[in-house]
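Below: one structure, written as structure tokens.
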Amino acid sequence: MIEIGNKQNCCGCAVCTQACPKHCITMVEDAEGFLYPDVELEKCVDCNMCQRVCPMLNKTDEDAPYTKAYAAYNLDEKERLQSSSGGVFSLLAKQVLREGGVVYGAAMSEDCTSACHIKAESPDDLVALRGSKYIQSSTEGVYQQIKNELDNRRKVLFSGTPCQIAGLKSLLRTDYENLLCVGVICHGVPSSKIWRKYLRYRENRAGASARRTFFRHKYYGWKMYAVLFEFSNSTAYKQILYKDLFMQMFLQNICLRPSCYSCHFKGLHELADISLADFWGAENVCPELDDDKGLSLVLVHTPKGNEIFQEIKGTMISKEVDFQQAALQNPAIFKSCTEPINRDSFMNDMDTLTIKQLGAKYLKKKSIVLRIRIWISVNIKKRLQKALRKG
């Protein structure tokens, strides 16, 4: 039976719920707004299948076969601007659809309160999968659906965080040739509870319900991205990342899942065929591609990933780059976020303080954040080189 003694030991991938032969495990939200498995003891037969598939208990340290790094962006400017970085995910997904396959990725719910993985079977369906969702996406039921698709010899692209990919691979227990995993280099996942609290704050300010949300809108450009809400009364809220309360709570790591502070899935022990990230620091590596409309860092880990990347090259601008140089300003590839010392206090205050009060009490000022970012850029080279040597 799966038991969560220390919450840092559960990433919320939900694979245990789908592996249980008695269907006696469900994901239940805790007081902080994160999902954890809950077992109906009277139905449990102690088969331990949940423990055998848990990627946190059965972590692999096997290195990816190789990793090549590319800077790339989608030639379709509309798709690129709808995406958080360079729009490469859309190109990979459309290629799989052209081959008669299906795509699974994260989409926001209609009421904007949550995210879940859904299936896309046409290019029009991909619109909901574009862009970052800075809350954890529910995968309940999805892994089993994917297994059924694979067993029926249909090609599947699964896009998710490294821990979600680890959960899927653990359930499948077979290296399906018709499965393509596209990982998202992950900063960490914030509390869904604090997101809902912020959403209600924005809706109350607008006097209307949210119709759509964008975590990474490019109105002010890719590097100075903005949070955008569109409301049912045809009004909108738009604010750059340094001035938006929720985005600062996320970027300052104050509201992340406990397991994100000691992520088991960092480094080059990668289960994805391709990993995607923003190409931060592009101005120092490939300035000719840096037009502030979005640029992807594409890490190709497997021959399968390389094959499809070569197939879509005609639909994008791309350039192979030195991996170590590209990684210098993308520390999330190797390094977990640092847990703030007042993180637990923030979580304890979440139910009693307003969003504005939480921001005033816990958020660092912009100047402090910028100094921290400069310090990281100066010191991350040594850390990454050390991690690469261990890799």
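With both bridge residues required to lie in the chain, what share of the DSSP beta bridges run antiparallel, to the nearest 5%? Don't jump to the answer; show the numbers that get you there.
On the way: 38 of 50 bridges.
Taking every DSSP beta bridge with both residues in the chain, the antiparallel ones total about 75 percent.
Once backbone amide H atoms are built at 1.01 Å from N, V321 has A69, Y70, A71 as its partners under 5 Å, excluding neighbours fewer than 5 places away on the same chain.
How would the chain be classified by its alpha-carbon gyration tensor: rounded, prolate or oblate, with rounded meaning a/c under 1.5 and the a/b versus b/c comparison settling the rest?
Because its axes are fairly even, with a/c under 1.5, the chain counts as rounded.
For M316, nonlocal amide neighbours, meaning residues 5 or more places apart or on other chains whose placed amide H falls under 5 Å from its own, are L75.
Does region 83-162 come out rounded, prolate or oblate by the C-alpha gyration tensor, with a ≥ b ≥ c the root eigenvalues, rounded set by a/c under 1.5 and, if not, prolate when a/b is larger than b/c and oblate if not? Taking the square roots of the gyration eigenvalues as a ≥ b ≥ c, region 83-162 is oblate. Computed packing ranks the peptides 246-252, 34-40 as 246-252, 34-40, most packed first, by mean other Cβ atoms within 10 Å.
Share of carbon and sulfur in the accessible area of region 70-152 stands at 45%, probe radius 1.4 Å.
Residues in the chain average 45 Å² of solvent-accessible surface per residue, probe 1.4 Å, ligands and nucleic acids excluded.
Across region 148-159, coupling constants 3J(HN,Hα) worked out from phi with the 6.51/-1.76/1.60 Karplus curve, θ = phi - 60°, read 4, 4, 5, 5, 8, 6, 8, 6, 10, 9, 10, 10 Hz, and Gly and Pro carry x.
Excluding same-chain neighbours fewer than eight residues apart, the lysines reachable from K147 by a Cα-Cα span under 20 Å are K22, K119, K155, K169, K304.
Derived scalar couplings between HN and Hα for region 110-119 equal 4, 8, 6, 8, 8, 10, 8, 7, 10, 9 Hz in order, rounded to whole Hz, by the Karplus curve 6.51 cos²θ - 1.76 cosθ + 1.60 (θ = phi - 60°), x for Gly and Pro. Could you tell me how far the Cα centroid of region 252-295 sits from the Cα centroid of region 226-242, in Å? Each part reduced to its Cα centre gives a spacing of 25 Å. Measure off, as a whole percent, the carbon and sulfur share of the 1.4 Å-probe accessible area of region 199-244, all protein chains present. Roughly 45 percent of what the probe reaches on region 199-244 is carbon or sulfur. Phi angles across region 280-287 convert, under the Karplus curve 6.51 cos²θ - 1.76 cosθ + 1.60 with θ = phi - 60°, into 3J(HN,Hα) values of 5, x, 4, 4, 9, 10, 9, x Hz, Gly and Pro given as x. Full extension of the segment from N348 to R196, taken as 0.36 nm per residue of separation minus the current Cα-Cα distance, would add 53.1 nm.
The values are calculated or read from the model by the stated rules, or taken from the named source; none is laboratory data. Treat the numbers as computed from the prediction; the structure is a model and nothing was measured. Neighbour counts run over all protein chains shown; Cβ positions are idealised from the backbone, glycine included. What goes into the accessible areas is simple: the full protein's heavy atoms, side chains included, and nothing from ligands, DNA or RNA. Shrake-Rupley method; radii C 1.70, N 1.55, O 1.52, S 1.80 Å.
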